[in-house]
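The values are calculated or read from the model by the stated rules, or taken from the named source; none is laboratory data. This is a predicted model, so every value here is computed, not measured. When we count neighbours, we look across all protein chains shown, and the Cβ atoms used for this are built from the backbone with ideal geometry, even at glycine. Please note that ligands, DNA and RNA were not included when accessible areas were found on the heavy atoms of the full protein model with its side chains. Shrake-Rupley method; radii C 1.70, N 1.55, O 1.52, S 1.80 Å.
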Amino acid sequence: MNIKELTYYIQSANINFLIGSGASRPYLATLGSIEKLLTRLNDDMHSHHEAKYKIAEASIYKAFYDSVIAPNRFFGYGSDYRETKSNYQNYLIIWNNLLNKRHSRILNKQLNIFTTNIDLMIEDAANRMGIELNDGFRGSINPVYDEANFMKSIMQTSIHFQHTSEIPVFNLLKIHGSINWKEQENRIVHECFWNYSVDEEIKKMGDDRFINLFNIGSDGRKTEKTYEQIIEEAEKLESSYDNSEYDASEYNAFITTYKKFIIINPTKRKFAETVLDYHFYELMRLYSNALEKENSVLFVVGFSFADEHIATLTRRSAENNPTLKVIIFAYCDEEEESFKKNIGIDSTCVNNNILIITPTKIKELNVDEEYKNAVSDIEHLDMNAVNKIFEYINKTIHASYE
């Protein structure tokens, strides 16, 4: 798909984004092998109840907490943070402009951001920008989460001439929950001090009670340990304790406190957890409904479709709705085959409406002089590169576009 075709879809389609952990790089880590580790560990723990598995479980959760959750505490530090925040801010600004330029009264000025990310990067980027970000909460003092709060248009009336116009709204639907969600009286409420209790449990135990999931080479480079290595080290750690030192209740307390986060943890059992919880089920229903709408487009950024239930739902929607376009931006050329495997297509789907765009393809499809310069320097289709493509489109669309 070339830039001219992308421009057409932006002007005429219902816009949806599916954003994964790759979009929050370089500030936050991607899941890496954590999903595979937890999935295998869960299987072993069902048949074995040895202490080493409890130590390994706590260690994997702590690694996920340290690399993905904890960095959300202190926004504002480091070049990686500034780069990631800038990417999200540019994304919101570009699409706010694009939605404003759409003159069709049939299409509302809403954009749905579906994300499996549990971090607060999008909320942080939108803060103080004057952009309407609807995160599903309603209320000023004690905000309560409700899916009914989504898909609401906002009209603005000018003070002097009483002219009314719709303003762009970004609906942020966090499919796997969020670190600032808290359960209270069977409702989800906004939690300001989400990290306090987990930090306290880690401090009580000390870092030496957990297994480091990485090997550090002599050159300082980190490599991930295998599952077998983690279990072996957990067994050694357990055996190093005296009977008085090893206390399973410490690990249980940490795991129990960690699991108070209203999030879907990265395991292959996500789908079972999702349908059991009302809110996650409702969010998946809204995702399905959005893809079933006539003349819709789903742009995918930083998401690998390793998440089986989302991959299956996306493929079925593409098969059932020939007017849907799924446009996947692959970080590198090598990812194309894994995308095909994960989403379940060999070369294409039934309606030929799932398109995988790689760095090489985006250049091959835009050889005309008009578009060539916009993509010539792309090496990876990360959030920054995708933003540049849409920013180019934004500059070519005038407010008088019909």
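Annotations
- Condition check for Ile93: aliphatic (A, V, I, L, M), open to solvent by 30 Å² or more (accessible area, probe 1.4 Å), closer than 29 Å to Gln11 by Cβ and modelled with pLDDT of 90 or more: yes
- Those strands (runs of 3 or more DSSP E) of the stretch 113-189 in which 3 or more residues are out of contact with any Ser or Thr (no Cβ under 8 Å at 6 or more places or on another chain) and at pLDDT 90 or above occupy 132-134.
- Glu238 meets the conditions (1) in contact with a helix residue (DSSP H, G or I) (Cβ under 6 Å, 6 or more places away or on another chain); (2) open to solvent by 30 Å² or more (accessible area, probe 1.4 Å); (3) in a helix (DSSP H, G or I); (4) modelled with pLDDT under 85 in every case but one. The failed one is (4).
- Evaluation of Leu381 against (1) surrounded by fewer than 18 Cβ atoms within 10 Å (Cβ to Cβ); (2) in a loop (DSSP other than H, G, I, E, B) (one fails), failing number: (1)
- Total residues in the stretch 313-332, condition surrounded by 14 or more Cβ atoms within 10 Å (Cβ to Cβ), touching a helix residue (DSSP H, G or I) at 6+ places or on another chain (Cβ under 8 Å) and part of a loop (DSSP other than H, G, I, E, B): 4
- All conditions in (1) open to solvent by less than 10 Å² (accessible area, probe 1.4 Å); (2) under 19 Å from the mean Cα position of the chain (by Cα); (3) of a type in the set (Gly, Ala, Ser) hold for Ser296, with the sole exception of (2).
- Consider the stretch 246-261 and keep the residues that are open to solvent by less than 60 Å² (accessible area, probe 1.4 Å), within 19 Å of Lys52 (Cα to Cα) and at pLDDT 85 or above. The one that is farthest from the chain's Cα centre (by Cα) is Glu250.
- Among residues of the stretch 45-65 that are more than 21 Å from Val198 (Cβ to Cβ), those with a Cβ under 7 angstrom from a residue that is surrounded by fewer than 19 Cβ atoms within 10 Å (Cβ to Cβ) and modelled with pLDDT under 90, sequence gap 6+ or separate chain, pair up as Ala51/Glu238; Ala51/Tyr246; Ala51/Ala248; Lys52/Glu238.
- Boolean, Ala51 is surrounded by 20 or more Cβ atoms within 10 Å (Cβ to Cβ) and hydrophobic (A, V, I, L, M, F, W, C): no
- Candidate set: the stretch 190-221, residues that are open to solvent by 90 Å² or more (accessible area, probe 1.4 Å) and either assigned to a helix (DSSP H, G or I) or in contact with a helix residue (DSSP H, G or I) (Cβ under 8 Å, 6 or more places away or on another chain) (or both); chosen: the one farthest from Leu283 (Cα to Cα): Asp208
- Those residues of the stretch 66-79 which are open to solvent by less than 70 Å² (accessible area, probe 1.4 Å) and touching a residue at least 24 places away in the same chain (Cβ under 8 Å), in sequence order: Ser67, Val68, Ile69, Ala70, Pro71, Asn72, Phe75, Gly78
- Extreme residue, modelled with the highest pLDDT, among residues of the stretch 262-273 that are open to solvent by less than 20 Å² (accessible area, probe 1.4 Å), more than 13 Å from Lys62 (Cβ to Cβ) and not in a helix (DSSP H, G or I): Ile263
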